[in-house]
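Data first, discussion second: the structure below is written as structure tokens.
The values are calculated or read from the model by the stated rules, or taken from the named source; none is laboratory data. Everything quoted here is computed from the prediction, not taken from an experiment. Cβ: placed from backbone, ideal geometry, glycine included. Neighbour counts: every protein chain shown. Each accessible area value is taken on the protein alone, full model and side chains, heavy atoms only, with ligands, DNA and RNA left out. Shrake-Rupley method; radii C 1.70, N 1.55, O 1.52, S 1.80 Å.
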Amino acid sequence: MYQPREQFRSGHKFGVEFGGAVLSFERVTDVLRRQWPIIVVSVGASLALVLAYLATTHPMYTANARIMMDTRQTQVLDKDNGTNSNLIDTGFVDSQVEVINSDDLIRSVVRRLHLTEDPEFSGSNPGPLGKLLGHVMSLFGSGEPPSPERVEQATVEHIQANLRVERVLTTYVLSLSYRALTPDAAVKIANAIADAYIVGALEAKYQSTKRATEWLQQRSAELSQQATASDRAVQTFKAEHNIVGTSRGLMSEQQLSDLNTQLVQARAATAEAKARLDRINAISDKDVTQTTVTDALNNPVITRLRAQYLDLAAQYSDWSRRYGAMHLATVNLASKMDELRKNIADEVHRIADAYRSDYEIAKSREASLEKNVNDLVAQAGHTGQAEVKLRDLESAADTYRSLYNNFLEKLQNATQNQSFPISEARLISTATKPDRKSSPRTMLALVGGLVSGLCLGFGLAFGREFLSDVLRTPGEVEDELGVKCLGVLPDIRPPTPAGALLSTSGKSTAPDLSRYVVDHPFSRFAETLRNIKVSIDVARLSREIKVIGIVSSLPKEGKTTVAANFAQLVALTGHPTLLIDGDLHTRSLTRELSPNAKSGLVETLNDPASLAYHVQRSKETGLDFLPSVVASRMLNSADVIGSRAMAELLKTLRDRYEYIVIDLAPVMPVADSKAVSFLIDAMVYVIEWGQTTRSALQESISGSEVLQKKLLGAVLNRANPKMLKRIEAYKGKHHNSYYVEHV
Ligand SMILES: Nc1ncnc2c1ncn2[C@@H]1O[C@H](COP(=O)(O)OP(=O)(O)OP(=O)(O)O)[C@@H](O)[C@H]1O
Ligand SMILES: [Mg+2]
């Protein structure tokens, strides 16, 4: 019985809903079984393309050289930046890739190796496609041969196209690969480019140090002049301003300090002289004999005179006491004493004069020194200003000198660098001759071709399957209808000889097909119909199935052929069987089985008593046939076939026959089948293999509930035998041997 599609799916099979169809494992294998030729063709075509590519492409050889960016060498001379140059920034390494790829570098290689004269590089030997393109381009161009510059540029571009320079991961190593038609050319050019790069780097370094040296030379010469000039300016200035440098400083400073010391001394001397003078002036003539005065003077003459005086004074006091003061001796003594006193006073005066003179001298010396100091101080004021200027000049001279020294050192380094330039780049692996071609990669291309062929094949196969809405396998039928697929009937049209296709009319082959089971009882076609009978018989165990309707969605799906063959097959088994032509529109069954019939079903319905008259029995098969003959197309065929009379007729026939097979009209164009379906026990639905669409099927089935209920099973008709073999390959290679008819 018919089940709705959804119910069937959820209940029975595991699968993935894909574009409205269930993509189950069985379905995939079905698709592969059916569509494998497409896959094979795709793979074949893609492999053929790959082979053609391999056969037509020139083999290419790749040579690889490696260059290392090394900074440690540069540190030998570059002491100033020794710490920083350890770190090459990644941008530097990346930019070296561009340097190697640059037009100028490649051009230098082209010129050195004279590559413009080599047709492989200059493009003067293009492939067939290139020649064709050249011809086409020449139609638009001036037609003149290209200029040498153009040829050189083309060569440079050709080399750039075949050159691959890349940084090896995050290291400071650059990998330089060149692809050429011969291994020798690949090695030659790869090494030439690497050399050109390293020489270029050295040259660049040499040039830059040369420029730097020149500049340094010029600058140091200037500085030397400036330093000398400023030194000279210092000396001149000193001379002009009487500034003499000593170990203790400038001359003027030293003088001043010396004078100051002298002045202090002179002042002290003056003060002393004055004190002495004052003291001596204070002594009067009377007390010159006083001990204090004479001791203070500490003069030997005065001391001697005083000692004499003291002796005379002692004698005088003695004599005056003894002889009296008036005694002559005493008076003489007194006059001697006066004389001595006078002498002492004179001596004191003389000393006083000497002291005065000393004082005067000291005073004048002090005055002179003071004047000197004042002069010097006044002079130092001028010298101070000059000194500021001098300091200025001296510091300028110092600066120039140290700058000059600095530049001189740099110049020495630069000169060394220039005579021995060191580059950061170093060739760590020279390109060697490749022993095998690098392209085309045969294995890779073949695998790629195989994989892409498979992908394309699978894509096409599944695309064809899923895009096509038709049914080809019992599984698909069961999925779609939810009823059992009773069998797949192969296309039984005999193979038409070539050329006879147009001349062979459908009519000439039709009679053969309507009795195919009689002529080919062991064919697959007959066996499938037997299988249908078995299914019906199994169903008959549970309910009465006598009236079997053969129906389809659309015309020409094979209802008539199936009905005729099925009925004949059942009749041949000995069961009383009746075949009714229930298609009142085409009546093809009647035309094939009983072309001469003048009346049939319609007449029997009008007059049930005439049944026996209208039923024709086949002597060969024992099949009874009730034809339909209608003069013109009937408007009310559905009414006729679904009429009460029809019910009565079938009732009568049920008693007489075991099997009543009715060939019905298609469901979609006309209503006949739906009208009669309630009178029928079981419907067998004919679906044309690879033709009937799922949508047509769904539309026709869902249109009638009765039809759904009565649906016993479906049968796929006109399956392509070759395809069928592929689909059923899983049944084994001997499966079809049962259907081989032994003549
Ligand atoms: N299994 C088959 N192998 C080869 N040809 C077939 C097969 N089944 C049917 N045909 C051919 O297909 C054509 C249509 O078949 P048939 O008349 O049986 O279909 P139908 O469904 O009865 O058509 P209609 O709706 O017009 O009555 C006929 O020419 C018939 O010979
Ligand atoms: Mg028909």
Legend entry - Percent of beta bridges antiparallel (DSSP, the chain, rounded to nearest 5): 50 percent
Legend entry - Residue-count net charge about Leu216 - beta-carbon cut-off 12 Å; Lys, Arg +1, Asp, Glu -1: +1
Legend entry - Length-normalised contact order of the range 249-382 in % [C-alpha pairs under 8 Å, at least 6 apart]: 46 percent
Legend entry - Set of aspartates and glutamates with alpha-carbon distance to Lys210 below 20 Å, sequence-local pairs under 8 removed: Asp78, Asp80, Glu222, Glu409, Glu424
Legend entry - Which of Gln265, Ala647, His58, positive extreme of dipole for the chain (C-beta unit charges): Ala647
Legend entry - Hydrodynamic radius of the range 136-228 per Kirkwood, over alpha carbon pairs, in Å: 17.9 Å
Inset, instruction - Holding the Cα-Cα limit at 24 Å, pick out from Lys546/Lys725; Lys205/Lys410; Lys484/Lys556 the pairs that are longer than that. - result: Lys546/Lys725
Legend entry - Karplus (6.51, -1.76, 1.60) ³J(HN,Hα), θ = phi - 60°, over the range 375-383, in Hz, Gly and Pro reported as x: 4, 5, 4, 4, 5, 5, x, 5, 4
Legend entry - Partner lysines for Lys674 [C-alpha distance under 16 Å; skip if fewer than 8 residues away on the same chain]: Lys559, Lys709, Lys710
Legend entry - Angle between the chain longest axis and helix 90-101 axis [Cα atoms, degrees, rounded to 10]: 70 degrees
Inset, instruction - Write down the accessible area per residue of the chain in Å², having rolled a 1.4 Å probe over the full set of protein chains. - result: 55 Å²
Legend entry - Average silhouette area of the range 249-382, convex hull of alpha-carbon atoms, in square nanometres: 9.7 nm²
Inset, instruction - Ratio to report: Rg/Rh of the range 371-470, with Cα atoms as the point set and Rh obtained by the Kirkwood method; give two decimals. - result: 1.83
Inset, instruction - Compute the acute angle (0 to 90°) between the alpha-carbon long axis of helix 442-467 and the principal axis of greatest extent of the alpha-carbon atoms of the chain; round to the nearest 10°. - result: 50 degrees
Legend entry - Lys, Arg +1 and Asp, Glu -1 on Cβ, resulting dipole of the range 511-731 about Cα centre, debye, nearest 20: 540 debye
Inset, instruction - Give me the Kirkwood hydrodynamic radius of the chain, using the inverse of the mean 1/r over all pairs of distinct Cα atoms, in Å to one decimal. - result: 41.7 Å
Inset, instruction - Work through the residues other than Asp94 whose Cβ is under 11 Å from its Cβ and net out their charges, Lys, Arg +1 and Asp, Glu -1. - result: -2
Inset, instruction - Using Cα pairs closer than 8 Å and at least 6 residues apart in sequence, work out the relative contact order for the range 509-641, in percent. - result: 25 percent
Legend entry - Set of lysines near Lys363 by C-alpha distance (under 23 Å), chain-local residues within fewer than 8 positions excluded: Lys274, Lys371
Inset, instruction - Exposed loop trypsin sites (Lys or Arg not before Pro) only (DSSP loop, at most 14 other Cβ atoms within 10 Å): please give the longest stretch of the chain free of them, not including the sites. - result: 249-435
Inset, instruction - May I ask for the angle, rounded to the nearest 10°, between helix 103-113 and the longest principal axis of the chain, with both axes built from Cα atoms and the value confined to 0 to 90°? - result: 80 degrees
Inset, instruction - Quick one: plug the Kirkwood hydrodynamic radius of the range 511-731 (C-alpha pairs) into Stokes-Einstein at 20 °C, 1.002 mPa s, and report D in µm²/s. - result: 123 µm²/s
Inset, instruction - May I ask you to derive the relative contact order of the chain, considering only C-alpha pairs under 8 Å and at least 6 residues apart, and to give it as an integer percent? - result: 19 percent
Legend entry - Vicinal HN-Hα couplings computed from phi for the range 192-203 (Karplus, 6.51 cos²θ - 1.76 cosθ + 1.60; Hz; Gly/Pro x): 5, 5, 4, 4, 4, 5, 5, 4, x, 5, 5, 4
Legend entry - Expected 222 nm ellipticity per residue - DSSP helices of 4 or more, -39500 (n - 2.57), all of the chain, to 500: -20000 deg cm²/dmol
Legend entry - 18 Å reach of a label modelled at Lys619, 7 Å along Cα-to-Cβ, counting backbone N of the range 556-577: 572
